[in-house]
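Below is one structure, written out as structure tokens; comments come after it.
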Amino acid sequence: MSYQFYKIIHVVSIVLFFSTYAAAVVKPGSIKFEKILSGVAILIILVSGFGLLARLNVPMGAAWPLWVKVKLSIWIFIGTLGHIVLKRFPKAAGKFLWTSIGLLVVASYMANYKVTL
């Protein structure tokens, strides 16, 4: 598959994740569907991200560049902690959503400018 295909899937799944997470934050009552859909979106984000890395010829056996490590850390943080916050601390979910959006900006910057040391 082409770089452009992976890029579209990556961006669409990011939008899907934040849309469903935001819906889970503001929706009263059962949010099981939103949590499932945001979890699937996180998985698609990670898979398409690794597809993009393959198209960029980033070696998988060697040390990754800084921007890859930062992005992967951010998405693992958002994906795991986001669901924990929804379940255990629902009143803090709105604050976590805004924190996640800030982390999205950092991840986007790292990917677009391929920041290294």
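The values are calculated or read from the model by the stated rules, or taken from the named source; none is laboratory data. All figures in this text were calculated on a predicted structure; none of them were measured in a lab. Here Cβ is always computed from backbone atoms with ideal geometry, including for glycine, and neighbour counts include all displayed protein chains. Calculation scope for accessible area: heavy atoms of the full protein, side chains included, ligands and nucleic acids excluded. Shrake-Rupley method; radii C 1.70, N 1.55, O 1.52, S 1.80 Å.
At-a-glance table
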{"quantity": "Charge-dipole axis of the chain as Lys and Arg at +1 and Asp and Glu at -1 on Cβ define it, positive-most pick from 72, 110, 85", "calculated": "85"}
{"quantity": "Long pairs among 35/95; 35/71; 7/32, criterion Cα-Cα beyond 25 Å", "calculated": "7/32"}
{"quantity": "Within the accessible area of the chain (1.4 Å probe), percent carbon and sulfur", "calculated": "73"}
{"quantity": "Ellipticity estimate at 222 nm from DSSP helix runs (n ≥ 4, -39,500 (n - 2.57)) divided over the chain, nearest 500", "calculated": "-27500 deg cm²/dmol"}
{"quantity": "Equivalent ellipsoid semi-axes, the chain, via Cα gyration tensor eigenvalues times 5, rooted, Å", "calculated": "27, 15, 11"}
{"quantity": "Of the DSSP H helices in the chain, those whose Cα atoms cover at least 20 Å axially and whose Kyte score averages 1.0 or more", "calculated": "3-26, 32-55, 66-88"}
{"quantity": "For the chain: relative contact order, % (alpha-carbon pairs under 8 angstrom, 6 or more apart)", "calculated": "29"}
{"quantity": "Cα-centred dipole magnitude for the chain, charges only on beta-carbon of K, R (+1) and D, E (-1), debye, nearest 20", "calculated": "240"}
{"quantity": "GNM flexibility winner over the chain from 94, 29, 82 (Cα, springs under 10 Å)", "calculated": "29"}
